[in-house]
Amino acid sequence: MYSILYFIYKKIGKIRVFFWKMLGLKIGKNAYFGKGIKIADPKRVVIGDNVIITDFTIIHGAKMGTFIGNNVQINRNSWFGGDGKIEIRDYVQMGPNCSIFSSNHNTRKNDLIFNQSSVDKPVLIEEGVWLGVNVVVLPGVIIGKGAVIGAGSVVTKNVEPYSIVGGVPAKFIKYRE
C-alpha cells in the first residue's frame, strides 16, 4: 500500500513541475516539487536538473535572477527573497526553514524605515554546501565550496570553503577534515 501511495505522490510532484513550466519557469530534467510551493515571478527563476524542492517553499524571482543548480535539495518551508541575484550552485543541501535574503532596508535615522528604499546585494552559495535547519543567509554573503552551516545560524559574512560555522552571528568553528 505504501509503495502505491508513494508512486502517486511522486507523480503529483511531476505534475506540479509541468504546471510551473507552463507559467514560464525554466527547469531541468527530473525535478520534483512538493505541495504548496509558491514561486513569484517564475520567469526570473532558473532551476537545474535533479532538483528536489519540498513542501511550502517560497521563491521570489529576484530582479537580478534566482538560479538553482543541479542536484540541489531544498527542504520544506524555505524562503528566498530580495532583488539581488541569488545563486545556489550544484549539490547544495538545505535543511527545513532556511531563508536567503538578497535585499535589506536602508537605515538612515531621519527617514522612516517604511519610506526607505532597499539595498540589493547578491548571495552566492557555492557547490557542495550544507545549510542546517533554520539557517538565515543575509544579503551580500558568499558561502564557499563544501562549507557546512550549523542549525539556527545567521550568516552575515562570507564563509570560507570547507569550513564549518555556527551561531548568531555565524562564526568559524573548524575546517572539515
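Read-outs: derived from the displayed coordinates by stated rules, not from any lab. What you see is a predicted model; the values in this text were computed from it and never measured. Neighbour counts run over all protein chains shown; Cβ positions are idealised from the backbone, glycine included.
Side notes on the structure shown:
- Where a label projected 7 Å from the Cα of D41 along Cα→Cβ would reach, residues of the range 94-111 with amide N under 13 Å: 102-103
- Under 18 Å of direct C-alpha separation, and excluding same-chain neighbours fewer than eight residues apart, K35 reaches these lysines: K10, K11, K14, K21.
- Multiplying the residue separation of F114 and I58 by 0.36 nm and subtracting their alpha-carbon distance yields 17.8 nm.
- Check: the chain dipole with +1 on Lys, Arg Cβ and -1 on Asp, Glu Cβ, in debye: 400 debye
- DSSP bridge pairs, the chain: antiparallel proportion in percent, nearest 5: 15 percent
- Close amide H partners of N50, meaning residues 5 or more places away or on another chain with modelled amide H under 5 Å apart, are K29, N30, A31, N71.
- Taking amide hydrogens as placed 1.01 Å from N in the peptide plane, the amide H of F56 sits under 5 Å from those of K35, G36, I37, N77, each at least 5 positions away in sequence or on another chain.
- Across the alpha-carbon atoms of the range 59-161, the computed radius of gyration and Dmax are 13.7, 46 angstrom.
- Partner lysines whose Cα lies under 22 Å from the Cα of K171, excluding those fewer than 8 positions away in the same chain, are identified as K121, K145, K157.
- Average Cα contact separation per residue, the chain, under 8 Å, 6 or more apart, as relative contact order %: 12 percent
- Working value for the range 6-97: equivalent-ellipsoid semi-axes of 19, 14, 12 Å, each the square root of 5 times a Cα gyration tensor eigenvalue, largest first.
- Volume of the Cα convex hull of the range 123-177, divided per residue and given in Å³: 59 Å³
- Computed from Cα atoms, the angle from the helix 2-22 axis to the main principal axis of the chain rounds to 60 degrees.
- Dividing the Cα radius of gyration of the chain by 2.2 N^0.38 Å, with N the residue count, gives 1.07.
- Long-range HN-HN contacts of V159 with modeled amide H, under 5 Å: I142, I143, G144
- GNM flexibility winner over the chain from S118, S78, S153 (Cα, springs under 10 Å): S118
- Note, ³J(HN,Hα) from phi for the range 39-54, Karplus 6.51, -1.76, 1.60, rounded to Hz, x at Gly and Pro: 10, 7, 6, x, 6, 9, 10, 10, 10, x, 7, 6, 9, 10, 10, 8
- Under Karplus coefficients 6.51, -1.76 and 1.60, residue-wise ³J(HN,Hα) of the range 109-117 in Hz, glycine/proline x: 6, 8, 10, 5, 3, 4, 8, 8, 6
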